[in-house]
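Each remark here refers to the structure printed beneath this line.
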Amino acid sequence: MTNDANTDHTTSIPVPTPTDTTLSLTGEFAAQLAALEGGVTGEELESIAALPSGSALLIVRRGPNSGARFLLDTSVTTAGRHPNADIFLDDVTVSRRHAEFVRHGHSFVVRDLGSLNGTYVGGVRVEEALLDDGAEVQIGKFRLTFYPSRIDVVTAAGQ
């Protein structure tokens, strides 16, 4: 008779090795996918990618100037219905001196200038707001999307 107490009864069960599920996309396909997801055209992506550090781009998504692009590359950029505004938004829902975009280092703030209809960021009325990548700014009936320099986005992510 054998003593089963001293016999090893362990069973080896094979464990599957993890499969790499990383998806690699070609640059062109990735750009097309990003354009589909964010409503950004290939041409707009190129413009955004070419932005130097300390600058940003506003793209009109809704309103009479849909598709128009405005470069933010100075310390203060004004937006309004006044013909001398840096960003001229010609509609009665926009005040003459409606809002300004102020650069602070590598980031931007939008500030309402006491407009009648207000300035909105992400659907919320603001007096002043720090703009994040992809933020939607509404001035009157215009909806603009904010895109900072990709250099600044990558630098901020690394900090």
The stretch 37-159, accessible surface, carbon-and-sulfur percent (1.4 angstrom probe): 50 percent
Approximate shape of the stretch 84-159 as ellipsoid semi-axes (Cα gyration tensor, √5λ), whole Å, largest first: 24, 12, 11
Residue-wise HN-Hα coupling along the stretch 47-54, computed from phi with Karplus coefficients 6.51, -1.76, 1.60 (Hz; x: Gly, Pro): 5, 5, 5, 8, 5, x, 4, x
Cut-off under 5 Å, modelled amide H: who pairs with R61 long-range: G67, R143, L144, T145
Segment H104-A49, extension gain: residue separation times 0.36 nm, minus the distance between their alpha carbons: 17.7 nm
When the stretch 46-116 is reduced to its Cα atoms, the Kirkwood hydrodynamic radius in Å: 12.7 Å
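Quick one: which of 63-70, 77-84 comes out on top by average Cβ neighbours within 10 Å, and what's the full order, highest first? Please report the intermediate quantities before stating the final value.
Numbers: 63-70: 15.0, 77-84: 17.6.
Ranking the peptides 63-70, 77-84 by packing returns 77-84, 63-70.
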Separation in nanometres of the label points that stand 7 Å from Cα toward Cβ, at N117 and T155: 3.5 nm
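The values are calculated or read from the model by the stated rules, or taken from the named source; none is laboratory data. In this text, all values refer to a predicted model and were calculated from it rather than measured experimentally. Positions of Cβ are generated from backbone atoms using ideal geometry, with glycine treated the same way; all protein chains shown enter the neighbour counts. Each accessible area value is taken on the protein alone, full model and side chains, heavy atoms only, with ligands, DNA and RNA left out. Shrake-Rupley method; radii C 1.70, N 1.55, O 1.52, S 1.80 Å.
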